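The values are calculated or read from the model by the stated rules, or taken from the named source; none is laboratory data. Since the structure is predicted, the reported quantities are computational estimates derived from the model, not experimental observations. Positions of Cβ are backbone-derived with ideal geometry, glycine not excepted, and every protein chain shown enters the neighbour counts. Surface accessibility is based on the protein's heavy atoms, side chains included, excluding ligands, DNA and RNA. Shrake-Rupley method; radii C 1.70, N 1.55, O 1.52, S 1.80 Å.
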Amino acid sequence: MRHILYGGDYNPEQWLDRPEILEQDLDYMIKAHINTVTLGMFSWAALEPEEGEYHLEWMENIVNRLYEHGISTILGTPSGARPKWMSDKYPEVLRVNENRVRNLFGGRHNHCYTSPIYREKIRGINTKLAKRFGGNPGVVLLHISNEYGGECHCPLCQEAFRMWLKDRYTTIENLNKAWWTTFWSHTYLSFDQIESPSSMGETALHGLNLDWKRFVTAQTADFTLHEIRSLREGGAEQPTTVNLMYDYAGLNYDKLAECVDIISWDTYPVWHKKEDILTARDNGLQHDYMRSLKHQPFLLMESCPSSTNWQGVSKLKRPGLLSAASFQALAHGSDSVLYFQIRQSRGASEKFHGAVIDHSGRDDTRVFQEVTQLGDGLSRLSEIVGSKVNASAALIYDVENRWAMEDSQGPRNDGLFYHEAVVKSYQALRRQGLDVDVISEQQDISSYRLVIAPMLYLFREGIEEKIRRFVESGGHFVMTYWSGIVNSTDLCYLGGTPHGLQDVFGLERTETDGLYDGEVNRLIPSENSGLSKEYECRNLCDLLKVGTAEPLLHYGREFYQGTPAVTKNRYKGGTAYYIGADAEQQFYDEFYQVITNEIGMKSLIAGKIPEDIEVTSRNTEKFRYYFIQNYKNEMVDISCMNLTGEVIHGDNKEELAAYGTVIVREEV
Ligand code: GLA
Ligand code: ZN
């Protein structure tokens, strides 16, 4: 790619009987500097109106016409929603819910990933699309399905699950042990007896629940590969992507990432509900997570030019916010800004969802003007395409860990706040002006200086060795309460926790206290902590028996008052910090400042970062690009940041308008 992709989802199949509308779309796209559209994801009924009868010519005309005007196409495969004839003739393509009831036709994502017939049907249309568009210079990327998600409990899926389990455990005895099935006499005699979890049946075996989720991911990945194979069979050689979702816990995205060439995702933050900088940080974390799946530039595949219509309240974006949110994607490593959608639907469930072109059909709307202005700005920033983020800090946010922790009963069924815990650490690092990778337990950590693992309840195979080696060789590792408790099938470790790392952290967790909603304990700093204030903590407090670790803060209340709550242990070349309780944000901000000072990790910029300002960077061999963004709805003086280098976007380095972005380039 030579320029930033700008445009979005386009659904011309809804307007084929209105050629004047399609003409106007093209005019407006050109006006708005749009250079890319995504086509076809929901066009199956228009592409194959009856079984085996294909009509691809309308789409080819549109792809070609767009291309003549400099607009490329991302070609979607249509598996996310299917024509009625298919479910009427082949009911097995429809999904079955956990109560073993088959859905009726309707909605989308309503299909079985296992069904051989569904696979054959998607292979049919995908090979046809590939034959027609594989050699078309207008088609630059293959977009596989749409937001894969959900699960199917049909007999075909049950059988596939049993096969998957057989493959994993070989014998039923191994499985019984791994799932601890002697509990409540749930022992299986053979693989044939196993069924997916259901609220009507089994939910108490946490190993079963976890493996089912792993299977759903494996089956979705297998379906993705099947789709890609069909496209390759038809001769399409363009790179592939899947569009992922915000904080989605239904799939392990690591596995989907392995199937495709490029990561893309759809972002719909709820703006203006809390301070915008907090929303931006939470969304920034997701950008960083998506980028870290492949450590390559990703694509922002969908975002809304005004407001969605599926959130609780359809809040409009204040002037300037669209630009800030779009630049945030670039700032975190995206090479695109794409919208859902180019033209607003006239009917059905998304008719009030924001779009570049709304029902008025005018090009002087506030939204269209902002989209156009942004498109103009982006068209001058081609040089950042392909640049990378080099983070020296990483945060572990692991979905298998989340599955297990949120499913297991205790120590706080009223909320564990895993996501929030990750966000707190993330914010603290960002406030210091550090770029951050957000990675799973599976990834290599050896290249980072600082790695933070909030609530690492489930230790996936080998993680404790990885952490030990990291600290041994000079790394600095922070782990929090409720970590190292269970293995990969959710069996509790025997012999004390954090499992396998008690010498590295110099302590043992003996018990964990769950606090009621609203209940507060206090963290009191010792003199050696580098901190002077007291902090609040809530929800969970680990009780620690300290060995070689140095206590830095202790509890201020309860029967464990005066016992260590936060510790530091030098272990061989590095340091292992343990945060024993769910502390307030300010603690993380100040504690991480102490750590980074101590280990000499420097902020991206020399000066001070004002509140509400986000700083990130991208790098090429020659340049470093600093993105400075203002998430305040008013002008902010940024002269204290002492920025050097050349401004390549925005006005100046001294003040930043409301929701403004400045990009500064420096030679490296
Ligand atoms: C998702 C889907 C789109 C559209 C948008 C609306 O991201 O992928 O097809 O439904 O939501 O916000
Ligand atoms: Zn199924």
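Quick notes on this one:
- Residues located in segment 536-549, provided they are touching an Asp or Glu at 6+ places or on another chain (Cβ under 6 Å) and buried (at least 24 other Cβ atoms within 10 Å of the Cβ): Cys537, Asn539, Cys541
- Qualifying positions in segment 398-429 - outside any helix (DSSP H, G or I), out of contact with any strand residue (DSSP E or B) (no Cβ under 6 Å at 6 or more places or on another chain) and farther than 17 Å from Tyr246 by Cα: Ser408, Gln409, Gly410, Asn413, Asp414, Gly415, Leu416
- Considering Asp490, Asp503, the condition of being assigned to a loop (DSSP other than H, G, I, E, B), acidic (Asp, Glu) and at pLDDT 95 or above is satisfied by Asp490 alone.
- The residue pairs whose first member lies in segment 153-173 and is more than 14 Å from Glu98 (Cβ to Cβ), whose second member is more than 13 Å from ligand 2 (Cβ to nearest atom) and open to solvent by 20 Å² or more (accessible area, probe 1.4 Å), and whose beta carbons are closer than 7 Å, counting only pairs six or more residues apart or on different chains, are Arg162/Asp192; Trp164/Ala218; Ile172/Tyr188; Ile172/Leu189; Ile172/Ser190.
- The residue that is nearest to Ile263 (Cα to Cα), among those in segment 299-320 that are buried (at least 17 other Cβ atoms within 10 Å of the Cβ), out of contact with any helix residue (DSSP H, G or I) (no Cβ under 7 Å at 6 or more places or on another chain) and aliphatic (A, V, I, L, M), is Leu299.
- Residue ID - farthest from ligand 2 (Cβ to nearest atom), chosen from residues in segment 102-121 that are under 23 Å from Trp164 (Cα atoms) and among the hydrophobic types (A, V, I, L, M, F, W, C): Ile117
- Residue pairs whose Cβ atoms lie under 8 Å apart, separated by 6 or more positions or on different chains, with the first residue in segment 190-202 and in contact (Cβ under 8 Å) with a residue 40 or more places away in the chain and the second open to solvent by 20 Å² or more (accessible area, probe 1.4 Å) and of a type in the set (Val, Ile, Thr), are Pro197/Thr203.
For every residue, the table says whether it meets (1) surrounded by 19 or more Cβ atoms within 10 Å (Cβ to Cβ); (2) under 30 Å from Thr182 (Cβ atoms).
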{"residue": "Thr480", "(1), (2)": "yes, no"}
{"residue": "Leu491", "(1), (2)": "no, yes"}
{"residue": "Phe505", "(1), (2)": "yes, no"}
{"residue": "Glu534", "(1), (2)": "no, no"}
{"residue": "Phe559", "(1), (2)": "no, no"}
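- Residue identified as away from ligand 1 (no atom under 16 Å from the Cβ), surrounded by 18 or more Cβ atoms within 10 Å (Cβ to Cβ) and in a helix (DSSP H, G or I) among Tyr113, Tyr118: Tyr118
- Per-region count, segment 260-275, residues more than 20 Å from Glu302 (Cα to Cα) and not in a loop (DSSP other than H, G, I, E, B): 0
- Here segment 209-227 is the region considered, the condition is being among the aliphatic types (A, V, I, L, M) and open to solvent by 20 Å² or more (accessible area, probe 1.4 Å), and the residue that is farthest from Glu120 (Cα to Cα) is Ala218.
- The residues on offer are Thr181, Thr171, Thr203, Thr187, and the sole one that is of a type outside the set (Asp, Glu) and in contact with a Pro (Cβ under 9 Å, 6 or more places away or on another chain) is Thr203.
- Residue pairs meeting the criteria (Cβ under 7 Å; at least 6 apart or on separate chains; first farther than 25 Å from Thr279 by Cα and open to solvent by 40 Å² or more (accessible area, probe 1.4 Å), in segment 624-651; second part of a strand (DSSP E or B) and of a type in the set (Gly, Ala, Ser)): Arg624/Ser617
- Residue list for segment 127-174, restricted to those being under 28 Å from the mean Cα position of the chain (by Cα), on the phi < 0 side of the Ramachandran plot, open to solvent by 20 Å² or more (accessible area, probe 1.4 Å) and away from ligand 2 (no atom under 16 Å from the Cβ): Val140, Arg168
- Flag for Ile194 being under 30 Å from Tyr67 (Cβ atoms), aliphatic (A, V, I, L, M), open to solvent by less than 70 Å² (accessible area, probe 1.4 Å) and out of contact with any Gly (no Cβ under 7 Å at 6 or more places or on another chain): no
- Exclusive hit being of a type outside the set (D, E, K, R), in contact with a strand residue (DSSP E or B) (Cβ under 9 Å, 6 or more places away or on another chain), on the phi < 0 side of the Ramachandran plot and assigned to a loop (DSSP other than H, G, I, E, B), set Pro319, Pro305: Pro305
Residue by residue, here is whether (1) crowded, with 22+ Cβ neighbours inside 10 Å; (2) away from ligand 2 (no atom under 16 Å from the Cβ); (3) more than 27 Å from Lys424 (Cβ to Cβ) holds:
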position: Pro239; (1), (2), (3): no, yes, yes
position: Val242; (1), (2), (3): yes, yes, yes
position: Ala249; (1), (2), (3): no, yes, no
position: Tyr268; (1), (2), (3): no, yes, no
position: Lys274; (1), (2), (3): no, yes, no
position: Pro297; (1), (2), (3): yes, yes, yes
position: Phe327; (1), (2), (3): yes, yes, no
position: Leu338; (1), (2), (3): yes, yes, yes
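- Residue under evaluation Tyr67, criteria (1) surrounded by 17 or more Cβ atoms within 10 Å (Cβ to Cβ); (2) more than 16 Å from ligand 1 (Cβ to nearest atom); (3) among the hydroxyl-bearing types (Ser, Thr, Tyr), criterion not met: (1)
- The strands (runs of 3 or more DSSP E) located wholly in segment 514-630 that include 2 or more residues which are among the small types (Gly, Ala, Ser) occupy 574-579, 581-583.
- Residues that are in contact with a Lys or Arg (Cβ under 8 Å, 6 or more places away or on another chain), away from ligand 1 (no atom under 16 Å from the Cβ) and over 19 Å from Asp435 (Cβ atoms), drawn from segment 263-303: His272, Lys273, Asp276, Thr279
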